[in-house]
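A.B. asks: The following block contains the structure, expressed as structure tokens.
The values are calculated or read from the model by the stated rules, or taken from the named source; none is laboratory data. Note that the structure is predicted; figures quoted are calculated from it, not measured. Here the Cβ is made from the backbone with ideal geometry for all residues, glycine too, and neighbour counts use every protein chain on show. With ligands, DNA and RNA removed, areas are computed over all heavy atoms of the protein, side chains included. Shrake-Rupley method; radii C 1.70, N 1.55, O 1.52, S 1.80 Å.
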Amino acid sequence: MNKIFPVYTLKNECSDCYKCVRRCFVKAIKIESGHASVISDKCITCGTCVLACPSKAKRVRNDIEKVKNILMPKNGVKPKVYVSLAPTFSGVFNNMPKEKFIAMLKKLGFTGVSETALGAQEVSIKTAEILCDKNDDKMLNISSACPVVVDFIRLYHPEFAKNITPIASPALTHAKLLKEKYGDDIKVVFIGPCIAKKNEADRNPELISAALTFDELKYWFSEEYINTEKINYDNEHFVPEDAYEGAIYPIEGGMNETIKKCLRNYDYDDVKDIKFLSVSSLETIDKLLKGFDENTLKSKVFIEALSCKAGCVCGPGVTDAKAGLDIMTKIINYTKTRPSIPKNPDIVVDMEYQTSPVENKKFSVEELKGALKRIGKNSIEDELNCGGCGYSSCREMGYALLRNEAEPSQCASYMRQIAHRKADALLRCMPSAMVMVDKELRVAEANNAFIKMFMEDMYDVYSQNPDMLKGANIEKIVDFGFIFKAALGGCADIHKEHYPVNDRLYDITAFTIEKDELAGAIIVDVTKTQVNREKIAQKAHEVITKNISIVQNIACLLGEHMVETELLLSSIAQDYDKDNSAGETKEG
């Protein structure tokens, strides 16, 4: 579990559904021991996997404790920490006055709260200046506002990194604005709907100290038990001032709208040929850029590129029950327009975006064939391209195997084949008879032992192709069909010992596989065993009888011998008594 990177996996919670692999556009997910983990070098922190994960195993790094540490006094001095609040707040937290919301944030320990939209306004002014620069012959310009798109281009379309407008995002620009206003020693914490801002903060700690999502903020509010009814929010306001047209940035097309307003400061001839496109979603951006040749453009094109469909209002850090349209309309109603927009920006943060292309190792055809064989794909016909593994095709899965980012167990059809083979081998080698029947009492599965036991005369035919038996009525094969009826009804396992069929005895165990649909039975011929037991019992009985007779004879002989001995001894005693009496008389 990598808690350093903004997105990580709780492996014990991962349910091995591969939904994150399926939904991740750049396939920055690795499967190890059946569990998914994020490949940080490939991840662009769009948050799609977090939203897609049904078991909530994909998590966003919680930076609340980090921010609390930033807010803690150092050497008895309370630090000055300002919030850069993303403009989406006006749609997400529209149930309370903005003044109360500011008071709640300050209750957490922040010095002041400012709108990120102020930085967006500066970015729009600078972008308009770039587009109208006659010395800039770049025909394609792509916005730098969305950190996910910037990383997507840097990693997956590096040839277009030079086309990203060479200025920092609105959040970084706003942080620079606050530091110039209140001192370079202040700290800035961004709060908004974007997970990728955590990456942006990690890479630019001199401007943004930490980034929180709206979900984290809501949790923090609940953790602090802030009483919103009693909180005093008199005289609360955004610093250094309220934002204007920059507040429309979260909605797709909002940035273009503000740039067009900025272009009013330029001559019509300088701006008439500039084309504007609004594109949201990585899939669409990828289709636009793949194979595109900038030299085909006849006039300048500016692309407002956003990774989230419909814009930041649908960011992964806004798990809100509100409808997206509701949030959008609240943002539109909140946005104000300045009567005039300055021609030159007050703050600019120059930024060159370095490429970091993801290495796509090349594999030979033989290597791919070897990988495909690992998942049972030995021919083109075997390649189902079902997508169950999370990849769009079997070949894409094969390449993932070669990159050690996937496991054969992801292929459902292959695992099903393995399961069938194991089951078939087990059934085939079982010495006991096995049969399964459906709700119509038709044979669904039977092994060779069953055929030999009950259809011996047809064994040679059916043993070569047991499937021939499928569909036959079990009651026409055996006379204990009632047992299967009871098992299909969901009864507990049914045991019949020494069940007689013709001249044979069987031990039968029937069981439910699927109630009302499928039942099975294991049948053992115990005829010989039972006969042997009876013979053994008979022999034992004969031995016991004989032994009893012998014992009785011995007892009789012993009894007769004891009687004779007793008579002899009695006779001797009597004779002795007579002799003794005669001697005494003579002496007298």
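A.B. asks: Is it the case that I208 is assigned to a loop (DSSP other than H, G, I, E, B), open to solvent by less than 10 Å² (accessible area, probe 1.4 Å), of a type in the set (V, I, T) and out of contact with any Leu (no Cβ under 6 Å at 6 or more places or on another chain)?
C.D. replies: Considered against the rule, which asks whether it is assigned to a loop (DSSP other than H, G, I, E, B), open to solvent by less than 10 Å² (accessible area, probe 1.4 Å), of a type in the set (V, I, T) and out of contact with any Leu (no Cβ under 6 Å at 6 or more places or on another chain), I208 comes out as yes.
A.B. asks: Restricting attention to region 483-499, which residues are without any contact (Cβ under 8 Å) to a residue 24 or more places away in the chain and touching a helix residue (DSSP H, G or I) at 6+ places or on another chain (Cβ under 9 Å)?
C.D. replies: Within region 483-499, D493, I494, K496, Y499 meet the criteria.
Listed here are the residues, each with its yes/no results for (1) over 19 Å from K197 (Cβ atoms); (2) among the small types (G, A, S); (3) modelled with pLDDT of 90 or more.
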| residue | (1), (2), (3) |
| --- | --- |
| T319 | no, no, no |
| A323 | yes, yes, no |
| I341 | yes, no, yes |
| Y353 | no, no, yes |
| S356 | no, yes, yes |
| V365 | yes, no, yes |
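A.B. asks: Can you name every residue in region 145-157 that is crowded, with 24+ Cβ neighbours inside 10 Å and assigned to a loop (DSSP other than H, G, I, E, B)?
C.D. replies: Residues satisfying the conditions are A145, C146.
A.B. asks: Here's something else I'd like to know. Pairs please, first residue from region 213-229 and within 16 Å of M96 (Cα to Cα), second anywhere and at pLDDT below 90, Cβ atoms under 6 Å, 6+ apart in sequence or on different chains.
C.D. replies: Listed by first residue and then by second, the contacts come to F214/V92; F214/G317; F214/V318.
A.B. asks: Any residue in region 230-258 that's over 18 Å from K181 (Cα atoms) and in a loop (DSSP other than H, G, I, E, B): show its pairings with residues that are hydroxyl-bearing (S, T, Y) and modelled with pLDDT under 95 at Cβ separation under 8 Å, as long as the two are six or more apart or on different chains.
C.D. replies: So the pair list comes out as Y244/T335; Y244/T337; P250/T88; E252/S280.
A.B. asks: While we're here: With hydrophobic (A, V, I, L, M, F, W, C), in contact with a helix residue (DSSP H, G or I) (Cβ under 6 Å, 6 or more places away or on another chain) and more than 18 Å from S307 (Cβ to Cβ) as the only criterion, which of I64, I44, I70 stands out? Steps first, answer last, please.
C.D. replies: Working: I44 fails: more than 18 Å from S307 (Cβ to Cβ); I70 fails: in contact with a helix residue (DSSP H, G or I) (Cβ under 6 Å, 6 or more places away or on another chain).
The match here is I64.
A.B. asks: Which condition number in (1) farther than 23 Å from F221 by Cα; (2) modelled with pLDDT of 95 or more is the one that S33 fails?
C.D. replies: (2)
A.B. asks: Next up: Could you please find all residues in region 455-493 being within 48 Å of the chain's Cα centre (by Cα), among the aromatic types (F, W, Y) and under 22 Å from M430 (Cβ atoms)?
C.D. replies: Correct list: Y462, F480, F484.
A.B. asks: Further, regarding this structure: Residues that are in contact with a Cys (Cβ under 7 Å, 6 or more places away or on another chain) and not in a strand (DSSP E or B): does region 92-114 have at least one?
C.D. replies: No, region 92-114 has no match at all.
A.B. asks: Restricting to region 187-198, name every residue that is open to solvent by 10 Å² or more (accessible area, probe 1.4 Å) and within 26 Å of the chain's Cα centre (by Cα).
C.D. replies: C194, K197
A.B. asks: Return yes when G376 is closer than 24 Å to T165 by Cα, surrounded by 12 or more Cβ atoms within 10 Å (Cβ to Cβ) and out of contact with any Lys or Arg (no Cβ under 8 Å at 6 or more places or on another chain) and no when it is not.
C.D. replies: For G376, the condition - closer than 24 Å to T165 by Cα, surrounded by 12 or more Cβ atoms within 10 Å (Cβ to Cβ) and out of contact with any Lys or Arg (no Cβ under 8 Å at 6 or more places or on another chain) - is not met.
A.B. asks: Please verify whether region 265-274 includes one or more residues that are closer than 22 Å to L140 by Cα, at pLDDT 95 or above and of a type in the set (K, R).
C.D. replies: no
A.B. asks: Is it the case that region 291-298 has a residue that's open to solvent by less than 30 Å² (accessible area, probe 1.4 Å) and touching a residue at least 60 places away in the same chain (Cβ under 8 Å)?
C.D. replies: The answer is no; no qualifying residue exists.
A.B. asks: Residues to consider are L325, L401, L384, L368; find the one that is within 20 Å of the chain's Cα centre (by Cα) and of a type in the set (A, V, I, L, M).
C.D. replies: Working: L325 fails: within 20 Å of the chain's Cα centre (by Cα); L384 fails: within 20 Å of the chain's Cα centre (by Cα); L368 fails: within 20 Å of the chain's Cα centre (by Cα).
Only one candidate passes the filter, namely L401.
A.B. asks: Of (1) open to solvent by 100 Å² or more (accessible area, probe 1.4 Å); (2) without any contact (Cβ under 8 Å) to a residue 12 or more places away in the chain, E352 satisfies all except one. Which?
C.D. replies: For E352, the exception is condition (2).
A.B. asks: Moving to a separate point now. Could we say that K362 is open to solvent by 60 Å² or more (accessible area, probe 1.4 Å), without any contact (Cβ under 8 Å) to a residue 12 or more places away in the chain and more than 22 Å from R23 (Cβ to Cβ) here?
C.D. replies: On the way: open to solvent by 60 Å² or more (accessible area, probe 1.4 Å): yes; without any contact (Cβ under 8 Å) to a residue 12 or more places away in the chain: yes; more than 22 Å from R23 (Cβ to Cβ): yes.
It is true that K362 is open to solvent by 60 Å² or more (accessible area, probe 1.4 Å), without any contact (Cβ under 8 Å) to a residue 12 or more places away in the chain and more than 22 Å from R23 (Cβ to Cβ).
A.B. asks: So, one more: Within the group C262, C308, which residue is touching a Pro at 6+ places or on another chain (Cβ under 8 Å), modelled with pLDDT of 90 or more and open to solvent by less than 50 Å² (accessible area, probe 1.4 Å)?
C.D. replies: C308
A.B. asks: Restricting to region 526-540, what's the tally of residues that are open to solvent by 50 Å² or more (accessible area, probe 1.4 Å) and either in contact with a helix residue (DSSP H, G or I) (Cβ under 8 Å, 6 or more places away or on another chain) or at pLDDT below 60 (or both)?
C.D. replies: Residues in region 526-540 being open to solvent by 50 Å² or more (accessible area, probe 1.4 Å) and either in contact with a helix residue (DSSP H, G or I) (Cβ under 8 Å, 6 or more places away or on another chain) or at pLDDT below 60 (or both): 7 in total.
A.B. asks: While we're looking at this one, here's another question. Quick one: how many residues across region 506-524 are among the aliphatic types (A, V, I, L, M), farther than 19 Å from K470 by Cα and open to solvent by less than 50 Å² (accessible area, probe 1.4 Å)?
C.D. replies: 1
A.B. asks: From the list P345, P339, P316, which one is without any contact (Cβ under 8 Å) to a residue 12 or more places away in the chain and either surrounded by 14 or more Cβ atoms within 10 Å (Cβ to Cβ) or more than 32 Å from the chain's Cα centre (by Cα) (or both)?
C.D. replies: Just one listed residue meets the conditions, P339.
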